[in-house]
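The values are calculated or read from the model by the stated rules, or taken from the named source; none is laboratory data. Please read these numbers as outputs of a predicted model, since none were measured by experiment. Note: ideal-geometry Cβ built from the backbone for every residue, glycine included; neighbour counts use all protein chains shown.
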Amino acid sequence: MIIADRKSLEEILDMIKDFKKILLVGCKGCVTVCNVGGEKEVGVLAVILKIARKKEGNPIEIDEKTLERQCDPEYVEQIRDIFDQYDAVLSMACGVGPQFLSEAYPSQRFFPAVDTKFFGGAVQHGIWEERCAGCGTCVIHHYDGLCPIARCSKSLQHGPCGGSADGKCEIAKDVECIWDTIVKKKMEQGRLEDLRTIRAPKDWQTARDGGPRKSIREELVQ
Amino acid sequence: MHLKNKFDVGKFTILAEMQPPKGVNVSAMVNSATRVQKAVDAFLVPEMGNAVMRMSSLGGAMILQRKGLETIMQVNCRDRNRIALQADLLAAYGCGILNIMGVSGEDPGLGDHHQTKAVDDIDLMTLFKAVSTLQTGKDLAGNELSGAPAFLVGANVNTRVTGDELEKELSRMAEKAEAGVDFFIAPPVFDIGAIAPFMEKVDLKKTRIIPTVMLLKSVGMARYLDRHLNVTISKDLIQRLMRAPDKATESLAIATEIISAVKAAGFAGILISAMGWEEKLQKLLDRV
Ligand code: SF4
Ligand code: SF4
């Protein structure tokens, strides 16, 4: 899923400083699962913002609404009747949400309350890690199901680099060197030979480097 | 006298584009450049235009500088991150390259290495900011430099636009000038009337604009430019080239006329793009 972190209170307060009445919109998709922008977090943020603004002597009115998904035009319609009753709309969905909202309601102004980070999952309660960079051409089968594109700091197809030490990446002591893990796994399974293959330079056209992407499923297009 | 001084005293400057080789054989580039060096004020060395891999602009410019020729090194945002860009700018200045031209760089999809990643770490305006920061003796991270460069900085401007697009282009040009751009290279011109709307809006005495004069190597090329690359070439001009018994002589005659018109209009100079006809440059320059 898409992992996001909530922006700092200061940054959010600064974004909405000129508004007196806003709608705070959550999303029941990924951001609910990673505990950043679901119904519960919408409620919490609304309370914190109201308290902070009251302290500043500049109270704000905040209504709350959490959509099924902000990345789906069908659910985006759920605020059609109310969107224009506010000075602005603050979205707690990933970066896709406020954009779908902006496109559906061009006359309203939308602000992001979260920073969208990566595709990943929870490795333990409260800790999420990156697993995929959406490169558009999945190659993890070459690496026993581990992705060096997303998980190696240098996206090496042939690793590890000289900075790998004690299983850790050169960028920080607490970052796993995925290449060390890949090599160990291959060794354990007696398939180290696999890594001798020199692969062609990666085709980055299918990744973000090829420009904005689109996926068309002919059988579904009406 | 360096290019900057020539601009300062108002000399009509002649620039020539000198493409580095795709490979290591530099003799053709060096020979074409040295042959016309007396008539050319500076050689513009492109940085892998259209994302086609070849010898870098820094390499090409250094080779020409070593022969005593003044160069303008093109720098793009596509192929290098901010570390490499700053490093190469320092290298360039250290090797005597006093003039640079910043460009964004075309998408790799247009070139010959489609699968690569474009870097685009910093954009063009940030690149100009990086240049001016280096000139104050600091790098982009705020660290002190041991000796600061002092470049003459160029950028592109599109003189062919009209209406709303012209307004946008003028605002972008002003933005670049504020960011430290000293001169502007404009696209190929074949009919000075086509850029009249631009000329009306710009004080050519205050802004150094250098249109490109391209040698038309064939009727086919003229038609292609006209149809596909948004370069207006009139039917009359194409017919003139068609009727000419010797296309090369006619093409040079056409270029000579354009150069005279550009000069008379008060532009700061011209950039000659010989399109592989570098050996004909001398003939053209003899006439100018
Ligand atoms: S190879 Fe590409 S698609 Fe597959 S997990 Fe890694 S980044 Fe994601
Ligand atoms: S240390 Fe490991 S994870 Fe870090 S860049 Fe090198 S190979 Fe990649």
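Under the condition of being part of a loop (DSSP other than H, G, I, E, B) and either within 8 Å of ligand 2 (Cβ to nearest atom) or within 14 Å of chain B (Cβ to nearest Cβ) (or both), the residues counted in region A:167-178 number 5. Any residue in region B:211-218 that is over 19 Å from the mean Cα position of the chain (by Cα) and outside any helix (DSSP H, G or I)? Looking for residues that are over 19 Å from the mean Cα position of the chain (by Cα) and outside any helix (DSSP H, G or I), one finds at least one in region B:211-218, hence yes. Only one of these conditions is not met by A:H141: (1) exposed (fewer than 12 other Cβ atoms within 10 Å of the Cβ); (2) within 30 Å of B:R78 (Cα to Cα); (3) of a type outside the set (A, V, I, L, M, F, W, C); (4) away from chain B (no Cβ under 14 Å). Which number is it? Only one criterion is unmet by A:H141, namely (2).
Taking the criterion of being in a strand (DSSP E or B) and either farther than 19 Å from B:E175 by Cα or out of contact with any Leu (no Cβ under 9 Å at 6 or more places or on another chain) (or both), the residues of region B:112-155 that qualify are B:K138, B:E144, B:V153.
Looking at region A:67-166, what strands (runs of 3 or more DSSP E) fall wholly within it and have at least 2 residues that are away from ligand 2 (no atom under 14 Å from the Cβ) and polar (S, T, N, Q)? It comes to A:114-124. Quick check on B:A84: is it without any contact (Cβ under 8 Å) to a residue 40 or more places away in the chain, surrounded by fewer than 19 Cβ atoms within 10 Å (Cβ to Cβ) and part of a helix (DSSP H, G or I)? Yes: the conditions hold for B:A84. Does A:K185 satisfy the condition of being of a type in the set (K, R) and either assigned to a helix (DSSP H, G or I) or over 23 Å from A:T116 (Cβ atoms) (or both)? Here the answer is yes, as A:K185 does meet what is asked. Condition (residue is part of a loop (DSSP other than H, G, I, E, B), of a type in the set (A, V, I, L, M) and either outside the structural domain of A:F110 (by TED's automatic domain parsing) or in contact with a strand residue (DSSP E or B) (Cβ under 8 Å, 6 or more places away or on another chain) (or both)) applied to region A:26-47: is it met by at least one residue? Within region A:26-47, one or more residues are part of a loop (DSSP other than H, G, I, E, B), of a type in the set (A, V, I, L, M) and either outside the structural domain of A:F110 (by TED's automatic domain parsing) or in contact with a strand residue (DSSP E or B) (Cβ under 8 Å, 6 or more places away or on another chain) (or both). Among residues of region B:253-274 that are free of Cβ contacts under 8 Å to residues at least 40 places away in the same chain, those with a beta-carbon under 6 Å from a residue that is not in a loop (DSSP other than H, G, I, E, B) at least six positions away or on a different chain give the pairs B:T256/B:R287. For region A:179-198: of the residues being within 27 Å of B:H113 (Cβ to Cβ) and surrounded by 11 or more Cβ atoms within 10 Å (Cβ to Cβ), which is nearest to the other protein chains (Cβ to nearest Cβ)? For region A:179-198, the residue satisfying everything is A:W179. Taken together, the residues in region A:211-222 that are under 13 Å from A:G134 (Cα atoms) and either surrounded by fewer than 10 Cβ atoms within 10 Å (Cβ to Cβ) or away from chain B (no Cβ under 14 Å) (or both) amount to 3.
If you check A:S164, A:S91, A:S155 for being within 19 Å of A:V183 (Cα to Cα), buried (at least 17 other Cβ atoms within 10 Å of the Cβ), of a type in the set (S, T, N, Q) and more than 16 Å from ligand 1 (Cβ to nearest atom), only one passes: A:S164. Given the criteria out of contact with any Cys (no Cβ under 6 Å at 6 or more places or on another chain), under 21 Å from B:A255 (Cβ atoms), surrounded by 13 or more Cβ atoms within 10 Å (Cβ to Cβ) and among the small types (G, A, S), does B:A186 qualify? Against the criterion (out of contact with any Cys (no Cβ under 6 Å at 6 or more places or on another chain), under 21 Å from B:A255 (Cβ atoms), surrounded by 13 or more Cβ atoms within 10 Å (Cβ to Cβ) and among the small types (G, A, S)), B:A186 qualifies.
For region A:142-151, the count of residues that are touching a residue at least 40 places away in the same chain (Cβ under 8 Å), within 16 Å of ligand 1 (Cβ to nearest atom) and farther than 16 Å from A:W204 by Cβ is nonzero. Cβ contacts < 9 Å: first residue among the aliphatic types (A, V, I, L, M), restricted to region A:167-180; second residue more than 6 Å from ligand 2 (Cβ to nearest atom), any location; separation 6+ or different chain. Result? Listed pairs, sorted by first residue: A:V175/A:K168; A:I178/A:Y143; A:I178/A:L146; A:I178/A:C147; A:I178/A:P148; A:I178/A:A150; A:I178/A:R151. Scan region A:199-210 and tell me whether some residue there is more than 28 Å from A:W128 (Cβ to Cβ), hydrophobic (A, V, I, L, M, F, W, C) and within 14 Å of chain B (Cβ to nearest Cβ). Yes, some residue in region A:199-210 is more than 28 Å from A:W128 (Cβ to Cβ), hydrophobic (A, V, I, L, M, F, W, C) and within 14 Å of chain B (Cβ to nearest Cβ).
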